[in-house]
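The values are calculated or read from the model by the stated rules, or taken from the named source; none is laboratory data. Since the model is a prediction, treat every value here as computed from it, not as a measurement. Here the Cβ is made from the backbone with ideal geometry for all residues, glycine too, and neighbour counts use every protein chain on show.
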Amino acid sequence: MSTRVWHRPPLIGDARLRWGLSLGFLAYLVLAVGSLEVNWQRVAEGLERGSAFAAALFSPDFTSRGDAILEGFLESLAMTFVSTTIGLLLAIPVAVGAARNLSPLPIYLLCRGFIAVSRSFQEIIIAILFVAMLGFGPLAGVATLAFASIGFIAKLLAEDIEAMDPKPLEAIRATGGSATQTLHWAVMPVVLPRLVGVSMYRLDINFRESAIIGIVGAGGIGATLNTAFDRYEYDTAAAILLLIIVIVLASEYASGTIRGRLR
Amino acid sequence: MSLGVLRIEALSKRYGRDALALDDVSLSLDGGEVIALIGPSGAGKSTLIRCINRLVEPSSGRIWLGDTELTALDGRGLRQVRRRIGMIFQEFALVERLTVMENLLSGRLGYVGFWRAALRRFPQADIERAFDLLEQVELGAMVDRRADALSGGQRQRVGIARALMQTPDLLLVDEPTASLDPRTSRQIMRLITRLCGERNLPAIINIHDVPLARRYCRRVIGLRQGRIVYDGPADDLDDRVLTNIYGEEDWDTQAATETETETDEGGV
Amino acid sequence: MPVVTRQGQPAWRLRTPRTVLLAWLVWFLIVAVLVWSWQFVSERTIWAFVADAPRQGGDLMARMVPPDWAYTAMLWQPLWDTINIATLGTLLAIVIATPLAFVAARNTTPALPGLRALALLIIVASRSINALIWALLLVMILGPGVLSGIIAIALRSIGFIGKLLYEAIEESDAKPVEAIIATGASPAQMRLYAIVPQVMPAFAGISVYRWDINIREATILGLVGAGGIGLELMASVNVLAWGRVSMIFLLILATVLASEWLSARVRAAVT
């Protein structure tokens, strides 16, 4: 018997497609890396600052700018709570509008369009616009986060409503219930637990985002952090970063527990 | 060694603070001997089999494979001995997303380095051996099928071929038929005992199904609450012995089904 | 459903009195926090500006409306940089996050004590900090430019990919693992044959998903100097060239939608 050979079957069957994709990817990598412009001298200088910052992480300074840090965090938290609530309240009608099984086509398209726009842009881009409209300060931040929350919450909620069992809906309609009664008795019980879960999740996201939109002037701890970096106050910056990590972890843990309870 | 291929002396295993899962078990196995290990659920059958290749760490006692004391080994030494012990599993334990051939070749992992394994560059002898075994378990056409595309019986045959790829000195078989229908169960048991016979390969088959054990194995060991309560010819398994192993039951009905129709036990 | 006895007659209630009390307490707390938060925000707001907001908004819209189409010629290079930041950053993150995930997963972590805790700590730290903050830090250390952007994206993505991947590893089936160990394979070979094939679809899906998110993130890193189209955005905002700003928005929207489509296609193909 002659020798029998075996090779692993390739992931992509078509040899031309396989080679085309591999070569294309390789060519892209070469081009992309080639177009990098790195100022190595600047990088070398930076390593010193990097090690200074790493050292600061182990000796963070919470006190010398304590007032600014406290103010920044309170502002972030206040923005988070207000924006999530506003976002939640406005997301409910948008979600109902974006559910094909409840809404007529024009309203459906309008709401879906709004959701798409709200989700496509980074919070900070929206923040730029709101700062231009409302001036510097936490209100611009609240508007930004609320706007982003509407799209986020409404999308998840609309998917839930669309996935709903149509039978209870028909049952309530059959008893002669009005549109609001239908929403209250057939839609709300199904969607409510999920609504709480999604809001907790969004609360968490909004806090994280509130830490950065300050960079463009929309309030919160981000502004404090930006100032600390600008002044090369590594130990204060380190303190803020550590606090962000702790709060994010705590809120993630809390929202995980609450969502677990609801299930 | 005249003392047997496998010797187990005073083996005990205790999980945490629970009662003993194995209590002072001793047995020895001669070349070519295929024994059935029977007993109720939780009697320690699975634990006993897994103590032999140290997937489960024994609490005390000693095990020899030929001249090698298994219980004295660690790390590389243990891996080298594991290469000599093939194992077949209840739920096949194939790597579902790999092809049949790759599953077979995984039986040779102990003999090749990391990179050869990663690049699937196995020695030609291993490839030849795999093709031969696939013929023997009648899966010649399935070489490049993914394991998750096979039926239960086919998967178990891949499992058998993988174990035999190791050219083992001993075969451990853990409930080979528990996930199969009665007819396939018989085919699999027949295949295992036939392949063992051809190779003079000793095996311990841990099995739920007493009629199957009786039919395909000459020697039977009965385990109850971690202790050996019977060790003798399959022909001597009478109602008294079965009651001793499993507790009180009307054994006649089972004996009747065994001879007349295919028993359903294997499908459970 | 609890049944409460009232005046000797059982009466149906949705909840027991205790849970009713608890629910009221929770509601009271929520409202109190909200009122305080709103006051806090309100005190720091110059309401005269806000009163002017509709006019400002209208003005902004009017100035944005014909996007500066000619400006696109200057945007291709920054857009290319943006895509590179996202792609190279994701690749770098994958290279680091994969071994990290194997160390962090309970069933594949090496026996060395403390190593798993360290891996989890790295994942948590990376995840908690936004890419923009990483960029802020890196621009300070390495100077402005695409490199800072790539590393910022990578630092944020390590935690994301690491966490999802180690969860996938922990969920993988233990039976093949046992079988491969029983053949005498080394621990590294066990991971390669028993774990890697199982987590491959999850791995591909997670990576592409993160790449999609990273495209979005990379569009803004320029705001702090870390390269890409955000640099142009910041420059245009600073000189109040709103026609250019809206042009950049359109380009970002198109890129984000395209990457989302691509990522959805790939994820559908691997699962």
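Structure summary
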{"quantity": "Unmet requirement for B:Leu73, which otherwise passes all of (1) in contact (Cβ under 8 Å) with a residue 60 or more places away in the chain; (2) more than 7 Å from chain C (Cβ to nearest Cβ); (3) of a type outside the set (Ser, Thr, Tyr); (4) within 17 Å of B:Arg50 (Cβ to Cβ)", "calculated": "(1)"}
{"quantity": "Residue pairs meeting the criteria (Cβ under 6 Å; at least 6 apart or on separate chains; first facing chain C (nearest Cβ under 8 Å), in region A:41-55; second assigned to a helix (DSSP H, G or I) and surrounded by 13 or more Cβ atoms within 10 Å (Cβ to Cβ))", "calculated": "A:Val43/C:Leu142; A:Gly46/C:Ile141; A:Gly46/C:Leu142; A:Arg49/C:Ile141; A:Gly50/C:Ile141; A:Phe53/A:Tyr234"}
{"quantity": "Flag for B:Thr193 being among the polar types (S, T, N, Q) and either surrounded by fewer than 19 Cβ atoms within 10 Å (Cβ to Cβ) or under 16 Å from the mean Cα position of the chain (by Cα) (or both)", "calculated": "yes"}
{"quantity": "All positions within region C:194-210 that are among the hydrophobic types (A, V, I, L, M, F, W, C) and facing another protein chain (nearest Cβ under 8 Å)", "calculated": "C:Ala194, C:Met200"}
{"quantity": "Unique residue being in a helix (DSSP H, G or I) and either within 8 Å of another protein chain (Cβ to nearest Cβ) or surrounded by 20 or more Cβ atoms within 10 Å (Cβ to Cβ) (or both) when the list is B:Glu128, B:Glu91, B:Glu96", "calculated": "B:Glu128"}
{"quantity": "A:Arg231, sole failed condition from (1) within 30 Å of C:Gly143 (Cβ to Cβ); (2) in contact (Cβ under 8 Å) with a residue 12 or more places away in the chain; (3) surrounded by fewer than 21 Cβ atoms within 10 Å (Cβ to Cβ); (4) not hydrophobic (A, V, I, L, M, F, W, C)", "calculated": "(2)"}
{"quantity": "Residues (within 27 Å of the chain's Cα centre (by Cα), within 11 Å of C:Pro67 (Cα to Cα) and within 9 Å of chain A (Cβ to nearest Cβ)) located in region C:236-247", "calculated": "C:Val245"}
{"quantity": "Flag if A:Glu75 is within 12 Å of chain C (Cβ to nearest Cβ), closer than 25 Å to C:Gly227 by Cβ and among the acidic types (Asp, Glu)", "calculated": "no"}
{"quantity": "In region B:228-268, the residues that are at pLDDT 80 or above and of a type in the set (Val, Ile, Thr)", "calculated": "B:Ile228, B:Val229, B:Val241, B:Thr243, B:Ile245"}
{"quantity": "Unique match (being surrounded by fewer than 14 Cβ atoms within 10 Å (Cβ to Cβ) and under 28 Å from B:Arg215 (Cα atoms)) among B:Ser26, B:Ser60, B:Ser46", "calculated": "B:Ser26"}
{"quantity": "In region A:3-40, residue surrounded by the most Cβ atoms within 10 Å (Cβ to Cβ) [restricted to those that are over 30 Å from C:Leu137 (Cα atoms) and within 8 Å of another protein chain (Cβ to nearest Cβ)]", "calculated": "A:Trp6"}
{"quantity": "Matching entry among B:Arg162, B:Arg183, B:Arg155 (being surrounded by fewer than 20 Cβ atoms within 10 Å (Cβ to Cβ) and part of a helix (DSSP H, G or I))", "calculated": "B:Arg183"}
{"quantity": "Checking C:Thr255 against (1) touching a helix residue (DSSP H, G or I) at 6+ places or on another chain (Cβ under 8 Å); (2) surrounded by fewer than 20 Cβ atoms within 10 Å (Cβ to Cβ); (3) among the β-branched types (Val, Ile, Thr); (4) away from chain B (no Cβ under 14 Å), the condition it does not meet", "calculated": "(2)"}
{"quantity": "Qualifying positions in region C:216-235 - surrounded by fewer than 20 Cβ atoms within 10 Å (Cβ to Cβ) and either at the interface with chain A (Cβ under 10 Å from one of its Cβ atoms) or without any contact (Cβ under 8 Å) to a residue 24 or more places away in the chain (or both)", "calculated": "C:Met234, C:Ala235"}
{"quantity": "Residue within region C:51-60 that is surrounded by fewer than 19 Cβ atoms within 10 Å (Cβ to Cβ) and acidic (Asp, Glu) present", "calculated": "yes"}
{"quantity": "Failed condition for B:Asp148, given (1) within 12 Å of chain C (Cβ to nearest Cβ); (2) surrounded by fewer than 17 Cβ atoms within 10 Å (Cβ to Cβ); (3) farther than 22 Å from B:Leu191 by Cβ", "calculated": "(3)"}
{"quantity": "Pair list, Cβ < 6 Å and 6+ apart or interchain, from region A:123-142 residues that are more than 17 Å from C:Leu132 (Cβ to Cβ) and at the interface with another protein chain (Cβ under 7 Å from one of its Cβ atoms) to residues that are charged (D, E, K, R) and not in a helix (DSSP H, G or I)", "calculated": "A:Gly137/C:Arg44; A:Pro138/C:Arg44"}
{"quantity": "Complete set of residues in region C:16-64 that are farther than 24 Å from A:Val82 by Cα and either basic (Lys, Arg) or within 8 Å of chain A (Cβ to nearest Cβ) (or both)", "calculated": "C:Arg18, C:Arg55, C:Leu60, C:Arg63"}
{"quantity": "Failed item in (1) within 14 Å of chain C (Cβ to nearest Cβ); (2) part of a helix (DSSP H, G or I); (3) not acidic (Asp, Glu), with A:Thr180 passing the rest", "calculated": "(1)"}
{"quantity": "Qualifying position, being touching a helix residue (DSSP H, G or I) at 6+ places or on another chain (Cβ under 9 Å), away from every other protein chain (no Cβ under 12 Å) and part of a helix (DSSP H, G or I), among C:Arg156, C:Arg191, C:Arg127, C:Arg116", "calculated": "C:Arg116"}
{"quantity": "Matching residues, region A:56-69, being more than 12 Å from every other protein chain (Cβ to nearest Cβ) and closer than 22 Å to A:Asn226 by Cβ", "calculated": "A:Ser59, A:Pro60, A:Asp61, A:Phe62, A:Thr63, A:Ser64, A:Arg65, A:Gly66, A:Asp67, A:Ala68, A:Ile69"}
{"quantity": "Pairs where the first residue, in region A:96-120, is of a type in the set (Phe, Trp, Tyr) and the second is assigned to a loop (DSSP other than H, G, I, E, B), C-beta under 9 Å, 6+ apart", "calculated": "A:Tyr108/A:Ala98; A:Tyr108/A:Ala99; A:Tyr108/A:Arg100; A:Tyr108/A:Leu102; A:Phe114/A:Ala98"}
{"quantity": "B:Ser41 being surrounded by fewer than 13 Cβ atoms within 10 Å (Cβ to Cβ), within 29 Å of B:Arg194 (Cα to Cα) and over 16 Å from the mean Cα position of the chain (by Cα)", "calculated": "yes"}
{"quantity": "Qualifying residue in region A:13-31 (condition: among the small types (Gly, Ala, Ser) and touching a helix residue (DSSP H, G or I) at 6+ places or on another chain (Cβ under 9 Å))", "calculated": "no"}
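This table checks each residue for (1) at the interface with chain C (Cβ under 10 Å from one of its Cβ atoms); (2) more than 29 Å from B:Val5 (Cα to Cα); (3) among the hydrophobic types (A, V, I, L, M, F, W, C).
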{"site": "B:Ala117", "(1), (2), (3)": "yes, yes, yes"}
{"site": "B:Gly152", "(1), (2), (3)": "no, yes, no"}
{"site": "B:Leu170", "(1), (2), (3)": "no, no, yes"}
{"site": "B:Met189", "(1), (2), (3)": "no, no, yes"}
